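Encoded as structure tokens, the structure appears first; notes follow it.
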Amino acid sequence: MTLHDHAPRIAPSILSADFARLADEIAMCEAGGADWIHVDVMDGQFVPNITFGTKVIETVRKLTELPLDCHLMIVQPERYFEDFVEAGASGITIHAEVSPHLQRQLARLRELGCRAGVALNPSTSLTGIVEVIADLDLLLVMTVNPGFGGQSFIPHSPDKIRRARRVLAEAGSRAVLEVDGGIARDTIGDCWRAGADTFVAGNAIFAAKDPQAEIGILREQCAISV
Ligand code: DX5
Ligand code: ZN
């Protein structure tokens, strides 16, 4: 059996985009072949940083037809599910660390017609999702501690990704296995080989000399890594 049944998905994180030129940046992502647009919502409580909310999602929604992959790094995320879905979120990922009623929260996301995702911090064990695999459309394994773009990839992450892939496979789950943080030319191949299929990249794309080409280059790194 092959590890992957489709090409790697690339999800540029607009956290690293130039917001004065947001429309151009989104158009660049589309032209470069991005699969999803990753939107990082931070509240200054779960993570130290504050970013943006529904207003920005609404704006991005008007700029592209690509799925909006919304990563909520906020406490009590369920308070905002309806708002984010209405603003145009295609998928919502919440953190297990701040979601004690994960089963109910994931079921609610599906009810709202949204891809239901759970993110795990680097220090959070995979056991946190074992009981909710049936409710899960996406598992996000953080490869940095969330809060900021441009951080270094945590080197032992591929081992956790490998174990995450195994847990999903054993449960017969078809959930997306996404990674986020420090994904770049030198780290993406190891994650793909470990079983990740969807790659968030901020700095690696937006700080590249040719951001549009970088999206394809990242995808190619997966192909040559196997
Ligand atoms: C980190 C965010 C990431 C971030 C990734 O807390 O969740 O999505 O934008 O940025 P890079 O790719 O620069 O590490
Ligand atoms: Zn993110």
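The values are calculated or read from the model by the stated rules, or taken from the named source; none is laboratory data. Note that this is a predicted model, so its numbers are computed, not measured. All Cβ positions, glycine included, derive from the backbone under ideal geometry; neighbour counts span all protein chains shown.
Being modelled with pLDDT of 95 or more, within 22 Å of I133 (Cβ to Cβ), part of a helix (DSSP H, G or I) and not hydrophobic (A, V, I, L, M, F, W, C): is that true of R165 here? Steps first, please.
Working: modelled with pLDDT of 95 or more: yes; within 22 Å of I133 (Cβ to Cβ): yes; part of a helix (DSSP H, G or I): yes; not hydrophobic (A, V, I, L, M, F, W, C): yes.
Yes: the conditions hold for R165.
Considering only region 171-194, state which residues are part of a loop (DSSP other than H, G, I, E, B) and away from ligand 1 (no atom under 12 Å from the Cβ).
Kept after step one, since they are part of a loop (DSSP other than H, G, I, E, B), are these residues of region 171-194: 171-175, 181-184.
The answer is A171, G172, S173, R174, A175.
Would you please list the contacts, defined by Cβ atoms under 6 Å and residues six or more apart or on different chains, that run from a residue in region 69-90 that is farther than 13 Å from V39 by Cβ to a residue that is in a helix (DSSP H, G or I) and within 15 Å of ligand 1 (Cβ to nearest atom)?
If the second residue must be in a helix (DSSP H, G or I) and within 15 Å of ligand 1 (Cβ to nearest atom), the pairs left are V75/V98.
Which of the residues that make up region 35-76 are outside any strand (DSSP E or B), among the aliphatic types (A, V, I, L, M) and within 13 Å of ligand 1 (Cβ to nearest atom)? Write out each step before concluding.
Narrowing region 35-76 to residues outside any strand (DSSP E or B): 35-36, 44-49, 51-67, 74-76.
Cutting the leftovers down to among the aliphatic types (A, V, I, L, M) gives us 47, 56-57, 60, 63, 66, 74-75.
Result: V47, I74.
Mind checking which residues of region 177-190 are within 11 Å of ligand 2 (Cβ to nearest atom) and surrounded by fewer than 20 Cβ atoms within 10 Å (Cβ to Cβ)?
none
How many of the residues making up region 191-220 are surrounded by 20 or more Cβ atoms within 10 Å (Cβ to Cβ) and either of a type in the set (S, T, N, Q) or under 26 Å from D137 (Cβ atoms) (or both)?
The number of residues fulfilling the criteria is 16.
Test G172 against the stated conditions and say whether it is in contact with a helix residue (DSSP H, G or I) (Cβ under 6 Å, 6 or more places away or on another chain) and more than 14 Å from ligand 2 (Cβ to nearest atom). Show your work before the answer.
Values: in contact with a helix residue (DSSP H, G or I) (Cβ under 6 Å, 6 or more places away or on another chain): no; more than 14 Å from ligand 2 (Cβ to nearest atom): yes.
Against the criterion (in contact with a helix residue (DSSP H, G or I) (Cβ under 6 Å, 6 or more places away or on another chain) and more than 14 Å from ligand 2 (Cβ to nearest atom)), G172 does not qualify.
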